Structures are given as structure tokens and as C-alpha cells.
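See structure below.
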Amino acid sequence: MNVLTFDLYADFGHFRKIYSTSSPLTYSIIPPTAFYGIIGAVVGLEKEENAYLKYVNHHTVKFAVQLLHPVKKIRMGLNHINTKGNVWIPKHRREGARTPIRTEFLRFPKYRCYVHIKDSVLFDKLIDYIRCGKNVYTVSMGLSECLAKIEFVSIREFEQKKDEEATEIATAVPERKLNSLEIEFGKEYFKERLPIRMDRERIVDLYDEVLFEANGRTVKASVDSYWTDHQGTQIVFLN
């Protein structure tokens with residue numbers, strides 16, 4: 001299976017955790033549900049009425065993500081205004097028309113993304129755009145204010161393997177595919193519950209615990225199956 005590999009990075013990033021409301025928190029890695037939007041932005045799939053989800057979803061896209069920079073997070077205050085109805089309606093309150101919200105951001109996030117799309121025409125278009133550094137819509141790291149850059153890495157053949165022995169996995173590993181984990185000295189393990197699958201109405205119907213090393217190192221684990229290339233890179237798809 002051909003897999004496109006590219007790096008995605010920015011100064012700031014924010015992928016809001018579903019359970020955080022008044023003080024938004026961010027996931028440490030890109031959820032698959034957010035990655036579909038990034039693909040749609042690159043190739044120009046419409047966001048209106050969630051049209052892009054017809055072409056990029058858990059049925060059509062395979063996605064794995066590897067940390068390249070350690071996880072760093074900061075919190076900043078953002079001023080929010082009411083813009084419902086495409087107009088600014090000042091709130092009549094003692095504090096004024098703006099609502100300050102304390103928000104958590106990723107600082108200097110950088111990921112290596114591995115992607116395969118079943119639709120060969122769409123996949124070839126994505127490869128061409130990534131290789132040439134083009135995109136139709138602006139690519140962001142979650143929020144529209146967190147502008148992101150993409151760098152092409154490779155297009156390589158990966159093959160699926162099954163091995164009961166623990167192996168070095170470069171990407172984040174979903175718990176449902178994990179059989180056992182070898183804890184290694186000096187490594188910092190994180191586990192987060194990510195949205196994995198959502199429908200055309202943007203309703204998430206599958207969450208999973210995802211394990212990764214917070215500094216971008218490999219995870220030594222036994223998994224149901226993994227994918228590897230001729231360079232020995234071993235990955236596990238999240239979806």
C-alpha cells in the first residue's frame with residue numbers, strides 16, 4: 001500500500017478536547033477527525049454542510065501520526081465576541097462586550113503524518129499538492145488562527161505485518177490494537193482519549209485511548225498488526 005508521508009508544523013496549535021468548555025484544553029496529537037479537515041483544506045473540498053466528510057472519513061482514509069517535537073503546552077487568555085448572525089452584538093454587561101477565555105495551546109507542535117486514501121484520483125491529487133507545496137484553503141493546526149506549514153517527506157510502499165513479539169512503533173498506538181507494552185527507562189508515556197470516527201453530521205461515534213511517547217521517541221509494543229516500509233519505519237494507523 002502506498003503511503004504519503006509529510007510533516008505538519010506550526011508555532012501554535014489547538015485541538016479542543018470534547019469535554020472542555022469554559023476553559024478549552026487541547027489534545028497533544030492530531031485526532032483523525034481533525035486530520036480529515038486538513039486533507040480537505042489542501043485539496044479544496046468544501047466545508048459547507050460538511051461536504052468534505054463524504055470523501056475523507058474513516059472508511060476512505062488511513063491515518064497515522066508521529067510526534068517530531070516534544071509536547072509543550074501553554075495557556076493564554078483570548079477575548080471572544082458574539083458574532084452570531086454575522087454581526088457583532090455587544091453584550092450589555094459590566095465587564096464589557098468581550099468575554100475573556102483562558103485557552104490551552106500547543107507550542108511549536110510538529111508531526112509526521114502518514115496517510116493513504118482509497119480513492120486513487122483524490123490520493124494522487126493530495127500527493128501532487130503536498131509535493132508542490134500547494135493548498136486550496138489555508139491549512140491550520142486546529143484553530144484558524146494557528147496557521148500551519150506542510151513539508152513533503154516521501155511516498156513509499158508499506159506492507160502489513162503481524163508479529164506477537166514487541167516491536168518499535170514510531171507512531172501513536174490506539175489501545176484497541178495494543179496487546180502489551182514494554183515500559184522503557186527514560187521514556188515519558190502519555191495516553192489520551194481521542195475522537196476516532198465521526199459521521200457526516202460531525203457526530204463522533206468512536207473514541208479510543210491512544211498511547212504515545214511525549215518526546216517523540218518510539219514505543220515498544222506488541223500490536224495486532226502494524227505497517228512497515230523498506231527503511232524499517234513501523235507505524236500503526238489510528239483509524
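Counting 0.36 nm for each residue step from LYS220 to GLU49 and taking away their Cα separation leaves a gain of 57.4 nm. Annotation: the stretch 112-193 has a Kirkwood hydrodynamic radius of 16.5 angstrom, from the mean reciprocal C-alpha pair distance. Element breakdown for the chain at a 1.4 angstrom probe: carbon and sulfur atoms account for 48% of the accessible area.
Counting Lys and Arg as +1 and Asp and Glu as -1, each charge on the Cβ, what is the dipole of the chain about the Cα centre in debye, to the nearest 20? Mind showing how you got there, number by number?
Values: 35 positive and 31 negative charges, 252 e Å.
With Lys and Arg at +1 and Asp and Glu at -1, about 1220 debye.
With coordinates expressed along the principal axes, the C-alpha atoms belonging to the stretch 1-68 extend over 38, 33, 21 Å, beginning with the largest.
Charge tally around GLU213: other residues with Cβ under 14 Å, Lys/Arg +1 each, Asp/Glu -1 each, net 0. Using a probe of 1.4 Å, the accessible surface attributed to HIS80 totals some 90 Å² when neighbouring protein chains are kept in position. Here the Gaussian network model covers the chain, with springs between Cα atoms less than 10 Å apart; of GLY44, GLY216, GLY186, GLY186 fluctuates the most. Straight-line cross-link partners of LYS187 among the lysines, defined as a Cα under 29 Å from its Cα and at least 8 positions apart when in the same chain: LYS17, LYS62, LYS72, LYS73, LYS110, LYS149, LYS161, LYS162, LYS177, LYS220. For the stretch 144-239, the solvent-accessible area of protein heavy atoms averages 55 Å² per residue (probe radius 1.4 Å; ligands and nucleic acids excluded).
I'd like the per residue volume of the convex hull spanned by the Cα atoms of the chain, given in cubic angstrom. It would help to have the intermediate numbers written out before the result.
Values: hull volume 31.7 nm³, N = 239.
Measuring per residue, one finds 133 Å³ for the Cα hull of the chain.
Report summary: the helix-based calculation at 222 nm, which adds -39500 (n - 2.57) for every DSSP H run with n ≥ 4 and divides by the residues of the chain, gives -3500 deg cm²/dmol.
This model, with +1 at the C-beta of Lys and Arg and -1 at the C-beta of Asp and Glu, gives the stretch 122-239 a dipole about its Cα centre of some 420 debye.
Tell me, what is the percent relative contact order of the chain, built from C-alpha pairs under 8 Å that lie six or more residues apart?
Numbers: 547 pairs, mean separation 69.7, N = 239.
That works out to 29 percent.
The C-alpha atoms of the chain define a longest principal axis, and helix 120-132 lies at about 80 degrees to it. Any chance you could give the angle, 0 to 90 degrees and rounded to 10, that helix 32-43 forms with the longest Cα principal axis of the chain? Approximately 80 degrees, to the nearest 10. Each Lys or Arg adds one and each Asp or Glu subtracts one; over the other residues with Cβ under 14 Å from the Cβ of GLY40, this totals +1.
Full extension of the chain between CYS132 and SER120 yields a length gain of 2.5 nm, computed as 0.36 nm times the residue separation minus the alpha carbon distance. With the simple spin-label model, which puts each label point 7 Å out from Cα in the Cβ direction, the ILE18 to ARG200 separation comes to 2.1 nm.
May I ask you to rank PHE190, PHE105 by accessible area, largest first, using a 1.4 Å probe over the protein chains only?
Numbers: PHE190 65, PHE105 10 Å².
Output order, biggest surface exposure first: PHE190, PHE105.
The values are calculated or read from the model by the stated rules, or taken from the named source; none is laboratory data. Keep in mind it's a predicted model, so treat the numbers as computed, not measured. Note that each Cβ is placed from the backbone with ideal geometry, even for glycine, and that neighbours are counted across all protein chains shown. What goes into the accessible areas is simple: the full protein's heavy atoms, side chains included, and nothing from ligands, DNA or RNA. Shrake-Rupley method; radii C 1.70, N 1.55, O 1.52, S 1.80 Å.
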